[in-house]
Amino acid sequence: MKRIILGVIVIILCIAAGGVYFTMKNQDEIVNQIENSYMEKGLIRDYDKVESMHLAESIGQYITYLVEINDEKRFEEQVKVLENNFFVNESDNLFIKWELNNKTSTNAIVDDFRISNALHLAAKVFEKQKYKEIATKIDDSVKKNMIRSNVLIDFYDWKFQEKAKTLHINYLDSQSVKRLGQFDEMKKIVLESKRSGPFFSEIYFPDKQTYQFANDAEVNMIDQVLIAIAYKELTGRKDKSFDQFISNELLKGKIYTRYDLKTGAPKSNDESSTVYAMLLSYLDGDLKNKTEQRLKTIDLTNAKTTHVFDYLNAAIESNR
């Protein structure tokens, strides 16, 4: 009897070890792809090409992934990259260059959100107060410089001390706006957004309190899905019209990258891995399963043609 029990224990341990092995193997594949294909001299590029951009967006995505897989060493390395290349200390503020360029003097609130979120989480996961201090300084700089007519805005230019006149609603992140004391304001903006059928207007003008579509003819589904997620997180429910549209499209077989603003008809034959990846946190049940299957059909292994944004979005959302 003891031998049987011992044998069962050994089998369970082997299965568990195998699960850990395959999990780590998959995680290593993501890290290896970033380090071997997208990274050059410690800096992440948007493509594996000679003329590529180095974006704060990419580091924000990568450190989000690293903290979620508990890779403290690489996380710390990327924070140093931020400190040495992207952080700008200006008059007690901590700004983040959206792009690595000597002439860059603007940030992007979506990068501030993503990087601050990752740092706050890392402070807890890795038990390092330093990360919380950096994140808090980023948050404080946003509150001091990136609110216009009591509403968050897209960016701030520290060289000319000018604030953006717009807020792209697809940049909103419920965790960040709650931390910044802007939850109620952002909820109101999402709820009152100008609509065209199931689609959301993407741009809000705080001074005029008006909305505008980014394009008069069509919508980009990455932006639409991001707004739908923000709507769900800020209001506690899904928007019925958009939810029905997504459900119908998935039942037809796929979601396209662009749709006609007026008719809702596809304006592209292409699919987007990022659309499918983002929808994993929005959908459930059979529709989520269909989305996962569509995501798996898209090849993201070629770093010369796959933007690192798409690659890391798929990695982050599939890992959750």
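The values are calculated or read from the model by the stated rules, or taken from the named source; none is laboratory data. All values reported here derive from a predicted model rather than from experimental measurement. Cβ coordinates were reconstructed from backbone atoms using ideal geometry, including for glycine residues, and neighbour counts include every protein chain displayed. Only protein heavy atoms, including side chains, enter the accessible area calculation; ligands, DNA and RNA are left aside. Shrake-Rupley method; radii C 1.70, N 1.55, O 1.52, S 1.80 Å.
A few points about this structure:
- Annotation for the range 143-229: GluC sites (Glu not before Pro) lying in DSSP loop with at most 15 further Cβ atoms inside 10 Å of their Cβ are 192.
- Candidate cross-link partners of residue 144 among the aspartates and glutamates, defined by an alpha-carbon separation under 15 Å and a same-chain spacing of 8 or more, comprise 90, 92, 112, 154, 157, 162.
- Our summary gives the range 105-225 a relative contact order of 21 percent, counting only alpha carbon pairs under 8 angstrom and 6 or more residues apart.
- The Rg/Rh ratio for the range 99-207, using Cα coordinates for both the radius of gyration and the Kirkwood hydrodynamic radius, is 1.00.
- Residue-level accessible surface for residue 272, protein heavy atoms, 1.4 Å, Å²: 10 Å²
- Rg/Rh, computed from the Cα trace of the range 243-320 with Rh as the Kirkwood radius, has the value 0.97.
- When the trypsin sites (Lys or Arg not before Pro) in the range 199-288 are filtered for DSSP coil states and for at most 12 other beta-carbon atoms within 10 Å of their beta-carbon, the remaining sites are 208, 237, 262.
- The modelled label-to-label distance between residue 35 and residue 159, using points 7 Å beyond Cα along the C-beta direction, is 3.5 nm.
- Per residue, the solvent-accessible area of the range 112-239 (1.4 Å probe, heavy atoms of protein chains only, all protein chains present) comes to 47 Å².
- Those GluC sites (Glu not before Pro) in the range 47-113 that DSSP places in a loop and that have at most 13 other beta carbons within 10 Å: 51
- For the chain, the fraction of alpha-carbon pairs in successive 20 Å shells from zero, as %: 29, 57, 12, 2
- Annotation: for a label point projected 7 angstrom from Cα along Cα→Cβ of residue 92, residues of the range 108-147 with backbone N closer than 18 Å are 133-147.
- Distance between the C-alpha centres of the range 62-100 and the range 203-238: 28 Å, rounded to the whole angstrom.
- Listed by chain and number, the lysines placed with their C-alpha closer than 22 angstrom to that of residue 194 are 165, 208, 232, 238, 240, 262, 267; residues fewer than eight positions away on the same chain are left out.
- The chain: DSSP helices with Cα axial extent of at least 27 Å and average Kyte-Doolittle hydropathy no lower than 0.5: 2-33
- Restraint check, 73/128; 97/137; 97/130, Cα-Cα greater than 18 Å: 97/130
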